Each structure stands twice: as C-alpha cells, then as structure tokens.
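Structure first, commentary second.
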Amino acid sequence: MNVPSITLASGSVIRRRILNDAGVTFEVITKPVDEAAIKTAMLAEGARLRDIADALAEAKSVRVSRNQDGLVIGADQIMVFEDRLYDKPQTLDEARARLLALRGKTHYLIGAAVISENGSAVWRHISKTKLTMRDFSDSFLDGYLEAGGEDLLTSVGAYKFEGLGAQLFSAVDGDFFSILGLSLLPVLDYLRIRGAIAS
C-alpha cells in the first residue's frame, strides 16, 4: 500500500513547528491566495465568520493540491472581538492599540484546517477558542512589545501564546494547538485513518 505524502500549504513557522514536534514527515509548499478578496466577498455576502476561516484554509489547501500528490494541509485562523473580524496588525503601534482594546475582555479565535487531495477538499475541521485577557499594566505591555518586537505582527492577536504571550491571559477555554493555529489532534487522526502516519 502506498503511503500518502503530506504537504503543509502554509508558510507559518508555528504550524511547521507543531507538525515537526509531533513527528510528522512533510514538506512545505505555499501558493499565493488573495485572502483579502475572499474575506471582503464573503463579508459582503453576510457569511458566517467560521465559514470565512474555512474558505481561507480550503483555498490554500486546494491551490497546492492541484499540482501536488498526496494529502495537502491548509489552515487559517481569524480573530473575532465584539462581533468584528480582525486581520494581523501591520505595525507595533497597531499591535499596542489592539492589545489595549482586548485588555480585560474576551475574544475568540476561529481556526480551520482543511486537507485536500487531487485538487479537492476531503476533510475539514473547525475550532473555536475563547480567550480572556487579564487587566495587565501599561508597563507590562511596554515590556511585552519590546521583547516581542516585529515578530508579534505574525499573530492576528499580536500575541505568541506559546511564549511570553501566555502572560497576557487570565483564562482560556479551548485547545492549545488550535490557539497556535493548527488543530493538531484531529489532523493527526485523519492522517492515521488515511495511512499517512503510523496508527
């Protein structure tokens, strides 16, 4: 029996690390997807926010899968705060403003993972995590932004939950890996079903 190859259709360093640390053998191939156009069109149509995350993950996965054998994993994550969808901050000033807005309040991360084969989606998973930030001090925020620097701009919430960013929170309801951007356990389960990793 042929063992399906595994490809990650994401340039995310943390997603790559999650799969690596779990002992999965894979390669990374990314192809550009117009995320802004997908979001704008779906918001204009009144789509559910969870469906936007799903559509973005599917677009990445399917795009690579058209020219790549085996199973192709696409993933995306959006942040929802007070019923509004947020993109990654572009500057540290924007990151500061976002963290100040989130301070002492609750927001949600909606993540999607889609696995495609031969150019079509064959599996999908949606996660929703609830995160409550503590009422941190301005001086803590200054130190946090200085320590994190430009790297914080790669996270939609301007936090690296796997590191110093954990100190921003008072409570979290959801899966750790989903917060980082890839629902690892359901993905591993499907890869086992397909014989791509040992069962």
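Nothing in this text is a laboratory measurement; each read-out follows from the coordinates by a stated rule. These figures come from a predicted structure and were not determined experimentally. Cβ sites come from the backbone with ideal geometry, for glycine too, and all protein chains shown count toward neighbours.
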query: Tell me, what ³J(HN,Hα) does each residue in region 134-141 have, in order and in whole Hz, if you take phi through Karplus 6.51 cos²θ - 1.76 cosθ + 1.60 with θ = phi - 60° and put x for Gly and Pro?
result: 7, 8, 5, 7, 4, 5, 4, 4
message: I need the calculated FRET efficiency for the pair Ser137 and Ala47, taking r as the beta carbon distance and R₀ as 41 Å, to the nearest 0.05.
response: 0.60
Computed over region 6-193: relative contact order in percent, which uses C-alpha pairs under 8 Å that are six or more apart: 22 percent
field: Spin-label model distance (nm) - Val172 vs Thr30, 7 Å beyond Cα toward Cβ
entry: 2.3 nm
- request: Indicate the gyration tensor shape class of region 47-125 (rounded, prolate or oblate), computed on the Cα atoms with a ≥ b ≥ c the square roots of the eigenvalues: a/c under 1.5 is rounded; otherwise a/b larger than b/c is prolate and the rest oblate.
  value: prolate
- prompt: Tell me, what ³J(HN,Hα) does each residue in region 97-107 have, in order and in whole Hz, if you take phi through Karplus 6.51 cos²θ - 1.76 cosθ + 1.60 with θ = phi - 60° and put x for Gly and Pro?
  reply: 4, 5, 5, 5, 5, 7, 4, x, 10, 10, 9
field: Cα shape, region 108-199, gyration tensor, a/c 1.5 rule
entry: prolate
query: Taking only the alpha carbons of region 8-98, what extent do you get along each of the three principal axes, in Å, biggest first?
result: 39, 31, 19
task: Calculate, in nm to one decimal, what Asp189 and Leu153 gain on full extension: separation in residues at 0.36 nm each, minus their alpha carbon distance.
output: 9.8 nm
statement: Percent antiparallel among DSSP beta bridges confined to the chain, rounded to 5, stands at 85 percent
- prompt: Can you give the angle from 0 to 90° between the axis of helix 35-44 and the longest principal axis of the chain, with both taken from C-alpha atoms, to the nearest 10?
  reply: 80 degrees
- prompt: How about region 1-87: which GluC sites (Glu not before Pro) there lie in a loop by DSSP and see at most 13 other Cβ atoms within 10 Å?
  reply: Glu45, Glu82
- prompt: What shape does region 6-193 have by the C-alpha gyration tensor, where a ≥ b ≥ c are the square roots of the eigenvalues, rounded means a/c under 1.5, and otherwise prolate means a/b greater than b/c and oblate the rest?
  reply: prolate
